[in-house]
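Asks: Pasting a structure here, questions to come.
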Amino acid sequence: MAYSKNTRIYLLIILAAGWIITLTLQQLFLEEKLYRQTRVLMGTFFEVISADERAGKIVFDEVLRLEQLLSKYKEDSEISRLNRSGKITASPDTFYIIKRAKELALKTGGAFDITVAPLVDLWGFTERNFSVPDSQMIKEKLALVGSDKIILRGKNNVVEFMFSGMKIDLGGIAKGYALDRAAQKLKENNIKNCLINAGGQVYALGKRSGRKWRVSIRPVRKDKKADIFELSGQSAATSGGYEQFFLKDGQSYCHIINPKTGYPVKSGVVSVTIIDDSGLSSDALSTAIFVLGENGINMLKNKFSKAKFYITKD
Ligand code: FAD
Ligand code: MG
């Protein structure tokens, strides 16, 4: 059948309009069915949302594998063995995360530092057996802090502490790394879209029904509206002092320690949210900015050019 040029253009417009309407109707009414699976891992609640039912098991298996290597709460993990003996031959994952943590300590001017572990223990955050230590004890533990005191030998994956008594704590970085690794496992299994929530830190793989995942971060103050972020191929991590803290003599002490002073952070910041391409860096960076306070954003934004920073103050 022969059509005039104008008729062809009209037909194309009608076809295109039909396509757009179909897409919109599909997005409105035919959102794909999502499976929501949950499990407690790494001391927190993991939630996996995907149209592919296999996603939950793939994520949970990977996170469990990493928890067994990286948890200081498990006696036989590589981190516990390192903390006891001061030297290990590490698996590739453990070696990689310690190497990245050392780099991040350097990049954040020491605000993020996994060697704060002896101080996290001293203040009672590991055993939930809180106390305010005397300043001499804090001084002694501070002498063990500094990621430059961790020696890495890449040839045989050896990790060694320079001083006895040193310890590391991956609480500010390992959940983020686990999210990156879990997302990688999903991709290897041809799952392109999934949202993983690791106790408040999320990783958004791909999209939901063709659009970015919409994630709301619960506000600290009940009178504030939740922040909504649209994410795809990104992670959002929040650090704050409002969930894990103890009160003593009217003072509040939170679980994030300033590696320079040895005291729980009081930076005037209530919470920090970082959005970045990697879970590992958004996790560590949110802790670092919480330590540094608002000025930390100016200090670090050029070094982390893809990261977006959101801060809530008192
Ligand atoms: P973030 O701000 O991301 O990290 C804060 C944490 O980092 C602190 O709690 C401390 O551990 C560490 N830290 C403090 N100051 C600094 C600093 N200046 N620089 C670097 N790090 C710092 N909890 C349990 O109760 N039971 C468990 O069995 C358990 N298992 C875990 C296993 C793994 C592998 C990991 C990573 C954590 C585990 N946790 C467990 C800890 C728990 O889930 C923490 O509450 C969590 O890691 C803190 O994360 P966050 O996102 O709230 O805070
Ligand atoms: Mg975190």
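The values are calculated or read from the model by the stated rules, or taken from the named source; none is laboratory data. Given the structure is predicted, the values throughout are model-derived calculations rather than measurements. Cβ coordinates were reconstructed from backbone atoms using ideal geometry, including for glycine residues, and neighbour counts include every protein chain displayed.
Asks: For the subset of region 218-235 comprising residues that are of a type in the set (A, V, I, L, M, F, W, C) and in contact with a Lys or Arg (Cβ under 7 Å, 6 or more places away or on another chain), which member is farthest from ligand 1 (Cβ to nearest atom)?
Replies: Of the residues in region 218-235, the ones of a type in the set (A, V, I, L, M, F, W, C) are 220, 226, 228-229, 231.
Narrowing the set further to residues that are in contact with a Lys or Arg (Cβ under 7 Å, 6 or more places away or on another chain) leaves 226, 228, 231.
Numbers: Ala226: 18, Ile228: 20, Leu231: 17 Å.
Among residues in region 218-235 that are of a type in the set (A, V, I, L, M, F, W, C) and in contact with a Lys or Arg (Cβ under 7 Å, 6 or more places away or on another chain), the one farthest from ligand 1 (Cβ to nearest atom) is Ile228.
Asks: Applying the selection to region 254-263, what residues are surrounded by fewer than 22 Cβ atoms within 10 Å (Cβ to Cβ) and in a strand (DSSP E or B)?
Replies: Cys254
Asks: Does any residue of region 236-258 turn out to be in contact with a Lys or Arg (Cβ under 6 Å, 6 or more places away or on another chain) and within 12 Å of ligand 1 (Cβ to nearest atom)?
Replies: Of all residues in region 236-258, those in contact with a Lys or Arg (Cβ under 6 Å, 6 or more places away or on another chain) come to none.
The answer is no; no qualifying residue exists.
Asks: What single numbered condition from (1) at pLDDT below 95; (2) away from ligand 2 (no atom under 13 Å from the Cβ) fails to hold for Cys194?
Replies: (1)
Asks: Exactly one condition in (1) within 17 Å of Pro259 (Cα to Cα); (2) in a loop (DSSP other than H, G, I, E, B); (3) not aromatic (Phe, Trp, Tyr) is not met by Glu103; state its number.
Replies: (2)
Asks: Since Arg218 meets every condition but one in (1) surrounded by 13 or more Cβ atoms within 10 Å (Cβ to Cβ); (2) within 30 Å of Ser131 (Cα to Cα), which condition does it not meet?
Replies: Looking at each condition in turn, Arg218 falls short on (1).
Asks: Which of the residues belonging to region 284-314 are part of a loop (DSSP other than H, G, I, E, B) and either closer than 21 Å to Asp227 by Cβ or touching a residue at least 40 places away in the same chain (Cβ under 8 Å) (or both)? Please lay out each step first, then the result.
Replies: Residues of region 284-314 that are part of a loop (DSSP other than H, G, I, E, B), as a first pass: 293-294, 301-307, 314.
Residues satisfying the conditions are Gly293, Glu294, Lys301, Lys303, Phe304, Lys306, Ala307, Asp314.
Asks: Taking region 147-187 only, how many residues are outside any helix (DSSP H, G or I), small (Gly, Ala, Ser) and in contact with a Ser or Thr (Cβ under 6 Å, 6 or more places away or on another chain)? So that I can check it myself, show each step before the final result.
Replies: The first filter runs over region 147-187 and keeps only residues outside any helix (DSSP H, G or I), leaving 150-173.
Narrowing the set further to residues that are small (Gly, Ala, Ser) leaves 154, 164-165, 171-172.
Within this subset, residues satisfying the condition of being in contact with a Ser or Thr (Cβ under 6 Å, 6 or more places away or on another chain) are 172.
Counting residues in region 147-187 that are outside any helix (DSSP H, G or I), small (Gly, Ala, Ser) and in contact with a Ser or Thr (Cβ under 6 Å, 6 or more places away or on another chain) gives 1.
Asks: Just to check your reading of the model, which residue among Phe246, Phe290 is within 16 Å of ligand 2 (Cβ to nearest atom) and farther than 30 Å from Leu34 by Cα? Spell out the reasoning first.
Replies: Details: Phe246 fails: within 16 Å of ligand 2 (Cβ to nearest atom).
Answer to the selection: Phe290.
Asks: Just to be sure before I move on: is Lys225 more than 28 Å from Thr115 (Cα to Cα), assigned to a loop (DSSP other than H, G, I, E, B) and in contact with a helix residue (DSSP H, G or I) (Cβ under 9 Å, 6 or more places away or on another chain) in the structure I sent?
Replies: Working: more than 28 Å from Thr115 (Cα to Cα): yes; assigned to a loop (DSSP other than H, G, I, E, B): yes; in contact with a helix residue (DSSP H, G or I) (Cβ under 9 Å, 6 or more places away or on another chain): no.
So Lys225 fails the test.
Asks: On to the next question. Phe161: within 16 Å of ligand 2 (Cβ to nearest atom) and either touching a residue at least 60 places away in the same chain (Cβ under 8 Å) or surrounded by fewer than 21 Cβ atoms within 10 Å (Cβ to Cβ) (or both), yes or no? Show your work before the answer.
Replies: On the way: within 16 Å of ligand 2 (Cβ to nearest atom): no; either touching a residue at least 60 places away in the same chain (Cβ under 8 Å) or surrounded by fewer than 21 Cβ atoms within 10 Å (Cβ to Cβ) (or both): yes.
Against the criterion (within 16 Å of ligand 2 (Cβ to nearest atom) and either touching a residue at least 60 places away in the same chain (Cβ under 8 Å) or surrounded by fewer than 21 Cβ atoms within 10 Å (Cβ to Cβ) (or both)), Phe161 does not qualify.
Asks: Take Ala111 and decide whether it is surrounded by 15 or more Cβ atoms within 10 Å (Cβ to Cβ), within 16 Å of ligand 2 (Cβ to nearest atom) and not in a helix (DSSP H, G or I). Step through it out loud before you land on a result.
Replies: Numbers: surrounded by 15 or more Cβ atoms within 10 Å (Cβ to Cβ): yes; within 16 Å of ligand 2 (Cβ to nearest atom): yes; not in a helix (DSSP H, G or I): yes.
Considered against the rule, which asks whether it is surrounded by 15 or more Cβ atoms within 10 Å (Cβ to Cβ), within 16 Å of ligand 2 (Cβ to nearest atom) and not in a helix (DSSP H, G or I), Ala111 comes out as yes.
Asks: Consider only pairs whose beta carbons are under 9 Å apart and that are at least six residues apart or on different chains; among these, list those whose first residue lies in region 38-53 and is away from ligand 1 (no atom under 16 Å from the Cβ) and whose second residue is acidic (Asp, Glu).
Replies: The qualifying pairs are Ala51/Glu32.
Asks: Sticking with this structure for a sec: Restricting to region 270-287, give me the number of residues that are away from ligand 2 (no atom under 14 Å from the Cβ) and crowded, with 16+ Cβ neighbours inside 10 Å.
Replies: Looking only at region 270-287, we keep the residues that are away from ligand 2 (no atom under 14 Å from the Cβ), and these are 270, 277.
Still in the list and also crowded, with 16+ Cβ neighbours inside 10 Å: 270.
Residues meeting the conditions: 1.
Asks: On to the next question. Would you say Phe112 is closer than 13 Å to Pro259 by Cα and of a type in the set (Phe, Trp, Tyr)?
Replies: Details: closer than 13 Å to Pro259 by Cα: yes; of a type in the set (Phe, Trp, Tyr): yes.
Yes: the conditions hold for Phe112.
Asks: Just checking, which of Gly176, Gly171 is touching an Asp or Glu at 6+ places or on another chain (Cβ under 9 Å), within 16 Å of ligand 2 (Cβ to nearest atom) and under 27 Å from Arg84 (Cα atoms)?
Replies: Gly176
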